[in-house]
1. With everything on Cα atoms, drop me the angle between helix 2-18 and the longest principal axis of the chain, reported from 0 to 90° to the nearest 10.
2. Calculate one ³J(HN,Hα) per residue across segment 114-121 by plugging θ = phi - 60° into the Karplus curve 6.51 cos²θ - 1.76 cosθ + 1.60, and present them in order as whole Hz with x for glycine and proline.
3. How high is the FRET efficiency from R118 to N172, r the C-beta distance, R0 25 Å, rounded to 0.05?
4. Convert each backbone phi in segment 84-98 into a coupling constant with the Karplus relation 6.51 cos²θ - 1.76 cosθ + 1.60 (shift: θ = phi - 60°), then list the ³J(HN,Hα) values in order as whole Hz, x for Gly and Pro.
5. Report the extension gain between A36 and E85 in nm, rounded to one decimal, defined as 0.36 nm multiplied by the number of residues separating them, less their alpha carbon distance.
6. Can you give the accessible area of T19, probe radius 1.4 Å, in Å² rounded to 10?
7. Quick check: from the Cα gyration tensor, does the chain come out rounded (a/c under 1.5), prolate or oblate?
8. Just add up the charged neighbours of G196: K/R +1, D/E -1, any other residue whose Cβ is under 12 Å from the Cβ of G196.
Amino acid sequence: MEKQLLKDTVSKVLDEMRTRPIPLGVSNRHIHLSEADYARLFPGQPIREKKTLLQPGQFAAEQTVTLVGPKGQLKNVRLLGPLRETSQVEISRTDARMLGISAPLRMSGDLQGTPGIRLVSAFAQLDLPSGVIVAQRHIHMTPLDALVYRVTHGDKVSVAITGDERQLVLDNVIVRVSADMRLEMHIDTDEANAAGADNPQTIAMLVATR
């Protein structure tokens, strides 16, 4: 009897955890830089942290660049830290059209065959031969979160984004599992605008797995 009660209690707690809102992070256009590229664009300048991000160790820096494409440019594009092995530029579909770049939909770090772009800082400019992507929407999870939601790294799930005015279900949301991450869904500004995610009452909830 006690074992059954314990089992029922655990099952109830897990069900409640599965239906809790997922923190939603809207990723505006931004860049990641390698040490060599950073040193070229910001010679002698230490990275200055502007805002701490939810993911452990990550932050928005004070440093910004201008993105220059074949058809246009975007100013004040924020650098995110810490520095990486390879430089990467993440933009939305709308940004890509404005710049005149055919940026593919990719997960972060999947840069083979991606287009390049010119980066301009107050000190220098740099032509990246590749690295421009539209980031695939995804959810960061700890191994415990993945266990609760019954998913594994690389799974695709559907997430409902709801608010006072709009509701949108996003399919093909990639699950990324790591002990170094915290539970958070990342979408870009185009997706956020479509879902009305600028409303403070907006929440994201996992509704289906496959």
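The values are calculated or read from the model by the stated rules, or taken from the named source; none is laboratory data. Since this is a predicted model, take the numbers as computed values, not measurements. Cβ placement follows ideal geometry from the backbone for every residue including glycine, while neighbour counts extend to all protein chains displayed. Protein only, heavy atoms only, side chains kept; ligands, DNA and RNA dropped before computing areas. Shrake-Rupley method; radii C 1.70, N 1.55, O 1.52, S 1.80 Å.
1. Approximately 30 degrees, to the nearest 10.
2. Result, ordered by residue: 8, x, x, 6, 9, 10, 10, 10 Hz.
3. Details: r = 31 Å, r/R0 = 1.25.
It comes out at approximately 0.20.
4. Karplus values, whole Hz, x for Gly and Pro: 10, 6, 10, 6, 8, 10, 10, 9, 8, 4, 4, 4, 4, 5, 5.
5. Working: separation 49, 0.36 × 49 = 17.64 nm, distance 0.91 nm.
Length gained between A36 and E85: 16.7 nm.
6. Accessible area, nearest 10 Å²: 80 Å².
7. Numbers: a/c = 2.42, a/b = 1.93, b/c = 1.25.
Taking the square roots of the gyration eigenvalues as a ≥ b ≥ c, the chain is prolate.
8. On the way: positive: R166; negative: D164, E165, E191, D198.
With Lys, Arg at +1 and Asp, Glu at -1, the net is -3.
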